[in-house]
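Read-outs throughout are calculated quantities, based only on the coordinates presented, and are distinct from any laboratory measurement. These figures come from a predicted structure and were not determined experimentally. For neighbour counting, all protein chains shown are included, and Cβ atoms are generated from backbone atoms with ideal geometry for every residue, glycine included.
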């Protein structure tokens, strides 16, 4: 089997025993952690000669979860996403060869092509992802018609059941209370199916994307919105990126599962004789790995190239090219800045590193075209003698993007609504110019970075232009102090911290599960509530 | 001066002393109530000979507020919306002649054309109305640019100040604690300006449209979102249509005015040494007046006409023709119904009474075109021999719409997000066929009508088709019982009840204002809060 090597450190990255390793040992003992996510750490393809080749998985969730295996022995269950994956699912040797170490074991939940297409391309991505990012033009989309409902019942539901079966199969015989982490919006229903087979399971689900207010969920069919909320309540812990999303989830439980007992203060729900904790775990980056790439030869080369073609000062953004990133308004704000500050024309470049994303979806392609048009319009207006103010880099070149962030004077991260946004955190740890972070208040990252970033309201072009001007005019001492605060925050609350807190919480749950206090709390709250009129 | 007569009952409609009149006397004593709303009970136009003519104001808010004058002596302050209004504003005799009785006195806040255009056609309607109905395609709209901010500062703000001045001018010399009701999204800032001039005023504001979650408000510029929230906190009472909107407002206060002390349980806010109560007043209809129109000769004529051209059974909707009403999905649901239930083809007509609205706005025109196209497509598919399943009536004919509601077997009210929706209430009191109300859970009216209506999720075409089928298949006894519950609810909680509760609350506030308890509650909550980390 040929393919790119899957790089994973041969040794745990922390020594002596890190708090994360300690938490893992406390939670797992001799067990493996079972982790389920739509994508695996590698995916398969068939080479010209028919042999299975592997390719490293991409995307923020995979990158984050790949960290888990560095600290904890993991069995990672992913979906079969193509025919090569389906072949590999039946080929234990191919799976074993796909990863260089047994610390991460790959298992593929066998999902047929039509089930996967319906679950992925009708429900998860065009419906749930768009909906949870509030990216809908409500009067016309979504139209939940018979095809949508078929995709739910014959796609999303069976995909979740296939995951549940694959997860349960990985629990060693005789193992009690298996520890299982489920990830993201593809797997909202998996916990309930696992719970039916393994009532003793320790189950946690983490949603990487935003959770909108219950009034928005109200426009979706009951079978979907209640199915999702009830499905999540089968977990012991339901994790979100921010306190706002956790609150919105609790309100959704209150609205769609009237029999559940919601406590907003302790963020717990009692339902069906079980206690579910709603927790906030803001995801983060691997600071060491990020800096390693930023210091690589490739990044150094990119940095020299970027400096050669840019003006003296640089405004930088890095985003997947999609509508929730609010790229159009970013350009409009830059234009407004140049309008008012003629002294910046010629001395400020806007470098936009835009990674093409989901180009099979029309909305994404249309948005990409508008982004190009807007940049061209601004360049036609303010370009001078072969030098244009806006440079767009349409490619997936991580070293180049980090190079850009490292030399930026201002970093613009202005998404409309974003689960977390890791670019803001990457910028904080690689920037070398006391760069100022201009950050949307509706990015999940804002909750942790408010004390260092300049806030902007996403729809506010005037305010964004003002924030950019303020960033450029800021004295170096303040810029330095702000960046230091951001950097220290990300170093403290990095990806290990994110994982460690989850493992500690689960360990605490295992230890308290059978406690008298918890039993009595469940009993107390399971009593009929007083009438709402009281 | 010529013009249509403005009809108002010569006598109060309730006798002997109704609870509403009692509340009015308790609140007002010898005073007049001062009421401010963008539109007045009449507007002016210049006749061919230059004389001022009057036209009765239209729209739900005006209709509702016109009720106030039947029970309470009112001075109604409205904006000058055109040049004839501006002439009338300077012509006390024209104002006096415009209304047949002194119980409603009309005053016009003089607002210049450019101020009005900016306030109305840049901020209030395209921005606030769309935003509060969550009608945005967020990646592209709104773009808050310099023109928007100019319209805010030089339009919306001065319009509110003009209203405040006009209101203050109406307070009789020597009168203490004037009682002032402000209405809707045009006047969010008026209370603060009135409060500066008259710290003793008893101020109430009622928002007729939805109040979205604070996470949506977060995308708007701080000067707008905070300005609005702080502006509203200058009132003694801030009223909303539903508990959800009240909750969302309290969350907005918590998010945008950190110095305010919010109590979610009692729905109060202490800020700036003042206590503001957030209350829920679901608006309603004048049951007697509605039935009078439904029984009129015009309505009877319309009924005969409608029956002549329709199939045996009728599905009816009545709406302003605009995107939040979700007319397209209603047609798609009807189509899905005919697809599955071939026995209904030919025996079920869908009558859609659609009142053209804001046809100067492109989104409205585009939506109207799509509505026509969709109806034509369905008629081409299921029409037979000169009879089409969908009939659209594009006009403003209230008697005809009530005639349709009175003979409907099923009434479809499926808005995406709607402050209240009075059609649902009108249907309940005029329907004579044990008609079934199919009602969106995201209509404000749903909170009061859940025990009689069949609920639908607005985006759910399949669920809506199923609800229509269930309504058509429902036994008469259940239909009758459901309609009776709805009817009794609307009769009990009618427009008088809506107004009465507000007046009673204000009377209670006047009486408790200087009480020791309230002073001490304000002092207690004005103390610094404990740290959030505690």
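In degrees from 0 to 90, rounded to the nearest 10, what is the angle of the helix B:476-492 Cα long axis to the longest principal axis of chain B? The answer is roughly 20 degrees. Note on residue B:432 and residue B:97: the model spin-label points, each 7 Å out from Cα along the C-beta direction, lie 4.2 nm apart.
Full extension of the chain segment joining residue B:362 with residue B:226 gains 46.0 nm, where the gain is 0.36 nm per residue of separation less the Cα-Cα distance.
Between region A:257-283 and region B:113-133, what is the separation of their alpha carbon centroids in Å? If we compute the Cα centre of each part, the gap is 41 Å. Is the shape of region A:164-291 best called rounded, prolate or oblate, per the rule: a/c under 1.5 gives rounded, else a/b larger than b/c gives prolate, else oblate, with a ≥ b ≥ c the square roots of the Cα gyration tensor eigenvalues? It is oblate, given that a/c is not under 1.5 and a/b is not larger than b/c. Placing a label point 7 Å from the Cα of residue A:520 along the Cα-to-Cβ direction, the distances to the matching points in the other copies come to 3.5 nm, shortest first.
Its alpha carbons considered, region A:22-280 gives a radius of gyration followed by a Dmax of 18.3, 60 Å. Residue exposure proxy: A:381, B:198, ordered by other Cβ atoms within 10 angstrom of their Cβ from fewest to most, comes out as A:381, B:198.
If both residues of a DSSP beta bridge must be in chain A, then about 20% of such bridges are antiparallel.
When a/c reaches 1.5 or more, the comparison of a/b and b/c decides; with that in mind, is region B:378-427 rounded, prolate or oblate per its Cα gyration tensor? Prolate is the answer for region B:378-427, as a/c is 1.5 or above and a/b outweighs b/c. Rounded to whole Å, the principal axis extents of the Cα atoms in region B:252-324 read 64, 29, 19, largest first.
One way to sum up the overall shape of chain A is the equivalent ellipsoid from its Cα gyration tensor, whose semi-axes run 39, 27, 24 Å, largest first. Other protein chain C-beta atoms within 10 Å of residue C-beta, averaged over A:208-216: 4.
Secondary structure note: in the protein assembly as shown, about 20% of the DSSP beta bridges are antiparallel. Note on A:497, A:211: ascending count of other Cβ atoms within 10 Å places them as A:497, A:211, the fewest first. Per-residue mean of foreign Cβ neighbours for A:457-469 is 6 (Cβ atoms of other chains, 10 Å radius).
Taking packing as the residue-averaged number of other Cβ atoms within 10 angstrom, the listed peptides B:257-265, A:473-481 run from highest to lowest as B:257-265, A:473-481. In this assembly of identical copies, the label point of residue A:340 (Cα plus 7 Å along Cα-to-Cβ) is separated from its counterparts by 5.5 nm, sorted shortest first. Cβ crowding within 10 Å, taken as a proxy for footprinting-reagent exposure, orders A:27, B:108 from fewest neighbours to most as A:27, B:108. Compared with the dominant principal axis of the Cα atoms in chain B, helix B:362-382 is inclined by about 20°. You can think of it this way: the chain between residue B:394 and residue B:341 has 16.3 nm of extra reach, that is 0.36 nm per residue less the Cα-Cα gap.
In terms of overall dimensions, region A:149-203 has a Cα radius of gyration and Dmax of 11.6, 39 angstrom. Starting from the 7 Å offset along Cα-to-Cβ, what nm value, one decimal, do you get for the label separation of residue B:141 and residue A:476? That separation, rounded to one decimal, is 4.8 nm. Each copy carries a label point for residue B:304 at 7 Å from Cα toward Cβ; from one copy, the others' points are 9.4 nm away, ordered from shortest.
One way to sum up the overall shape of region B:185-260 is the equivalent ellipsoid from its Cα gyration tensor, whose semi-axes run 20, 14, 11 Å, largest first.
Round to a whole angstrom and tell me the spacing of the C-alpha centers of region B:42-75 and region A:454-476. Measuring centre to centre over Cα atoms gives 46 Å. DSSP assigns beta bridges within region A:287-492; of those with both partners inside it, close to 5 percent run antiparallel.
Computed on the Cα atoms alone, the convex hull of region B:287-492 gives a volume of 109 cubic angstrom per residue.
The Cα atoms of region A:108-222 give a gyration tensor whose axes a ≥ b ≥ c have a/c of 1.5 or more with a/b greater than b/c, which makes the shape prolate.
Once the Cα atoms are used to define both axes, helix A:516-526 deviates from the longest principal axis of chain A by about 80 degrees.
Zone of residue A:492 (label point 7 Å along Cα→Cβ, backbone N under 11 Å): which residues in region A:272-306? It comes to no residues whatsoever.
Using the alpha-carbon positions of region B:409-460, Rg (one decimal) and Dmax (whole number) come out as 10.0, 29 Å.
Express the Stokes-Einstein translational diffusion coefficient of region B:337-384 in µm² s⁻¹, to the nearest whole number, given a Kirkwood radius over alpha-carbon pairs, 10 °C and a viscosity of 1.306 mPa s. The calculation lands on 127 µm²/s. Take A:435-446, A:347-358, A:301-312, B:81-92 and order them by the average number of nearby Cβ atoms within 10 Å per residue, most first; the result is A:435-446, A:347-358, B:81-92, A:301-312.
Remark: the protein assembly as shown is approximated by an ellipsoid whose semi-axes, taken from the C-alpha gyration tensor as √(5λ), come to 52, 35, 30 Å, largest first.
Taking every residue in A:31-44 and counting other chain Cβ atoms within 10 Å of its Cβ, the average works out to 0.
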